[in-house]
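Trainee: Encoded as structure tokens, here's the structure I'll be asking about.
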Amino acid sequence: MDQFRVFGNPIAQSKSPSIHQQFAIQTKQSMNYQSELVELDKFDLAVQNLIANNGKGANVTAPFKEQAFALCDQLSKKAKLAGAVNTLIFSQGVIYGDTTDGIGLVHDLLRHRVKLRDSKILLLGAGGAAKGVVQALIEQAPQSLTIANRTLSKAKNIADQYPKFDVRALTFEETEHLSFDVIINATSAGLSGASLPISSQTLASANTCYDMVYGKKPTVFLKQAKQLGVECVLDGLGMLVGQAAESYYLWTNIRPDVEPVLTMLRAELNNN
């Protein structure tokens, strides 16, 4: 049987095995997908062991996405720009790396009928989560893309990778009197329960606020957006399932239906 893994540390919280198991049942594919806790200095060995045991692919989560990038023989354009890989494909002795986070985000936004073409998009944060989605957002032909971060140089470093598209870099404070159609939070504030230094005026200008983090309860960012009357407020559960669906497609050439899996995961979240 074809073997697949999700590598991470920690990994017990991963929903990937459940998601891919549902995709396999839905599309009548025979695969064994499991999570694997990897010691911090043993990532390369874990990948080689998987390949030796009929491994066909793997997902990679924190803190191994950059190590996965370095391990690849070939990389997609998105992975090269992101400097990180969340999907590995093993074929004929070659390790191919891709990142599906951006596609997962875009597909989820489009699934909710959020208009990205000709929109003004604000991306909050300049870490790995932000890097992984910029190319996919640009491909939707927005009117503008602004990256805001506490440390301006980090936002500029990402913006400079896209000279053909005018990506603007600002500090959080510099967004104060600006308006945007779509605001996406790619910081870890949602995990820590912290609020972001974005003005109420800027938040209220948006028709959509999206947090890449998900949970049983809305994040502080999403609560604030809702209180300010933002029409469409979304968490990152759909992005999680969407990026998994794209990985599954890269491995099997079959596109699974995300809706029943999303419904199942949302019900599980609400019941826990």
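The values are calculated or read from the model by the stated rules, or taken from the named source; none is laboratory data. A quick note: this is a predicted structure, and the numbers were derived from the prediction, not measured. We place every Cβ from the backbone using ideal geometry, glycine too, and count neighbours over all the protein chains shown.
Trainee: Which one is nearest to the chain's Cα centre (by Cα) among residues in region 20-35 that are buried (at least 18 other Cβ atoms within 10 Å of the Cβ) and of a type outside the set (Ser, Thr, Tyr)?
Mentor: In this case the residue turns out to be HIS20.
Trainee: Next question, about the same structure. Take residues that are of a type in the set (Lys, Arg) and at pLDDT below 95 and tell me which of the helices (runs of 4 or more DSSP H) falling wholly in region 170-265 contain 3 or more.
Mentor: Result: empty, no element qualifies.
Trainee: Might you check whether a residue that is under 21 Å from GLY238 (Cβ atoms) and surrounded by fewer than 18 Cβ atoms within 10 Å (Cβ to Cβ) occurs anywhere in region 60-71?
Mentor: yes
Trainee: In the set ALA141, ALA129, which member is within 24 Å of PHE7 (Cβ to Cβ) and not assigned by TED's automatic domain parsing to the domain that holds VAL60?
Mentor: Of the residues listed, the single one that is within 24 Å of PHE7 (Cβ to Cβ) and not assigned by TED's automatic domain parsing to the domain that holds VAL60 is ALA129.
Trainee: Return the residues of region 1-41 that are assigned to a loop (DSSP other than H, G, I, E, B) and free of Cβ contacts under 8 Å to residues at least 40 places away in the same chain; say none if nothing qualifies.
Mentor: PRO10, ALA12, GLN13, LYS28, SER30, VAL38, GLU39, LEU40, ASP41
Trainee: Test SER153 against the stated conditions and say whether it is more than 22 Å from GLN201 (Cβ to Cβ) and either hydroxyl-bearing (Ser, Thr, Tyr) or not in a loop (DSSP other than H, G, I, E, B) (or both).
Mentor: yes
Trainee: Given (1) under 17 Å from the mean Cα position of the chain (by Cα); (2) farther than 19 Å from VAL213 by Cα; (3) part of a strand (DSSP E or B), identify the lone condition not met by TYR96.
Mentor: It is condition (1) that TYR96 fails.
Trainee: Now for a separate question. Could you grab me the full set of residues in region 36-77 that are among the acidic types (Asp, Glu) and over 24 Å from the mean Cα position of the chain (by Cα)?
Mentor: ASP41, the sole residue that qualifies.
This table checks each residue for (1) charged (D, E, K, R); (2) closer than 27 Å to THR61 by Cβ; (3) surrounded by fewer than 22 Cβ atoms within 10 Å (Cβ to Cβ).
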| position | (1), (2), (3) |
| --- | --- |
| GLU176 | yes, no, yes |
| SER179 | no, no, yes |
| SER200 | no, no, yes |
| THR208 | no, yes, no |
| ASP211 | yes, yes, no |
| PHE221 | no, yes, no |
| GLN224 | no, no, yes |
| GLN227 | no, no, yes |
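Trainee: Provide a single number: the residues in region 69-105 that are hydrophobic (A, V, I, L, M, F, W, C) and touching a residue at least 60 places away in the same chain (Cβ under 8 Å).
Mentor: Within region 69-105, residues that are hydrophobic (A, V, I, L, M, F, W, C) and touching a residue at least 60 places away in the same chain (Cβ under 8 Å) number 4.
Trainee: Let me ask something else about it. Quickly run through region 99-114 and pick out the residues that are outside any helix (DSSP H, G or I) and under 22 Å from ILE198 (Cα atoms).
Mentor: If the condition is that a residue be outside any helix (DSSP H, G or I) and under 22 Å from ILE198 (Cα atoms), then VAL114 is the only one that fits.
Trainee: Next question. Farther than 17 Å from VAL6 by Cα and at pLDDT below 95: which single residue out of LYS28, LYS78 fits that description?
Mentor: The match here is LYS78.
Trainee: Name the single residue, out of those in region 93-149 being at pLDDT 95 or above and of a type in the set (Lys, Arg), that is surrounded by the most Cβ atoms within 10 Å (Cβ to Cβ).
Mentor: This residue is LYS120.
Trainee: Right, something else. Among the basic types (Lys, Arg), buried (at least 16 other Cβ atoms within 10 Å of the Cβ), within 26 Å of ARG117 (Cβ to Cβ) and free of Cβ contacts under 8 Å to residues at least 40 places away in the same chain: is that true of LYS156 in this structure?
Mentor: yes
Trainee: Only one of ALA129, ALA79, ALA136, ALA46 is closer than 16 Å to VAL182 by Cα, small (Gly, Ala, Ser) and not in a strand (DSSP E or B). Can you tell me which?
Mentor: Residue meeting the stated conditions: ALA136.
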